[in-house]
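All remarks here apply to the structure that follows.
Just so you know, all these numbers are worked out from the coordinates, no wet-lab data involved. This structure is a prediction, so every number in the text was calculated from the model and none was measured. Neighbour counts are summed over all protein chains in view; Cβ atoms, including those assigned to glycine, are modelled from backbone coordinates with ideal geometry.
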Amino acid sequence: MDTPWIIVVTVGAILLGVGIAALAVVAALRGSGADRRSAADVAAAAQPAGWTYVGTDAAVLDRLRLRHLFPDARSARTSHVMHRQVAGRSAVACGTKGRGWSNEANRRRTRVTVSGSNHSMCTLELPGPLPTFNLLSEGRGGAAATSLGLLSDLDTESHEFNERLRVVTADDRLAHALLAPTVIAAMQDGPPQTTLQIVGNQLVSFRQGVPDPAELAARAAWLGRVAAAIPAFVYQGR
């Protein structure tokens, strides 16, 4: 009985993929170079930036419950794992060979991934789990997906936010409650060329390139500001 719906969503997802394919290829080419730094080099940079350097930790994505964001084992391979505390919250950073986001709402599942390129990931633990929340840069692919009914286009009180960014979430009602003016301001104040997601009880941010402890420290501080701005009531009953 659900076959026509599955076909429509599949075709729409293919069209969405075509819309971002060129960007994904460019990203992969730009970030595919080998990281020639030694573990000792990165560890030496991590300490003054406030990180505790771990190095290898094959289970880190499983503990954070983020492995599903990556399309394959290669892209989920982590490197230069490090951790710290940000305002009493646990932050984890590492290098990966890809990134991704996914969302499921109204019986539709959307998943976009990039594999084979260097990315640095930074996460910050939240007080509790929240519905999936993806903050995306607006573009032609997003506009096409909205016209096909594949992605929501959640408007906020900020015209600048609506023009620059797209919110794709599993719960529009809770997303509206979460996006208080202080949260919007904190989200817009992030480092350039970074992503922002809420996955379970983690704030997650990716940036193309190899992990830089100083940049990751600044990004972790930004995630801390976003987390501090989220109203406490959104966690109630969850």
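Placing one equal scatterer on every Cα of the stretch 31-109 and applying the Debye formula, the log10 ratio I(q)/I(0) at q = 0.12, 0.21, 0.22 Å⁻¹ is -0.42, -1.04, -1.10.
Residues of the stretch 158-193 falling in the label zone of R108, defined by backbone nitrogen less than 13 Å from a point 7 Å along Cα to beta-carbon, are 168-170. Taking each residue as 0.36 nm, the span from D155 to D172 lengthens on full extension beyond its C-alpha to C-alpha distance by 5.1 nm. Karplus-derived 3J(HN,Hα) values for the stretch 202-210, using 6.51 cos²θ - 1.76 cosθ + 1.60 with θ = phi - 60°, are 10, 7, 10, 9, 10, 9, 5, x, 6 Hz; glycine and proline are entered as x.
For F233 and Q47, what is the calculated FRET efficiency with R₀ set at 41 Å and r taken between the beta-carbons, to the nearest 0.05?
With R0 = 41 Å, the Cβ-Cβ based efficiency is 0.60.
Subtracting the Cα-Cα distance of T182 and A87 from their residue separation scaled by 0.36 nm leaves 32.4 nm.
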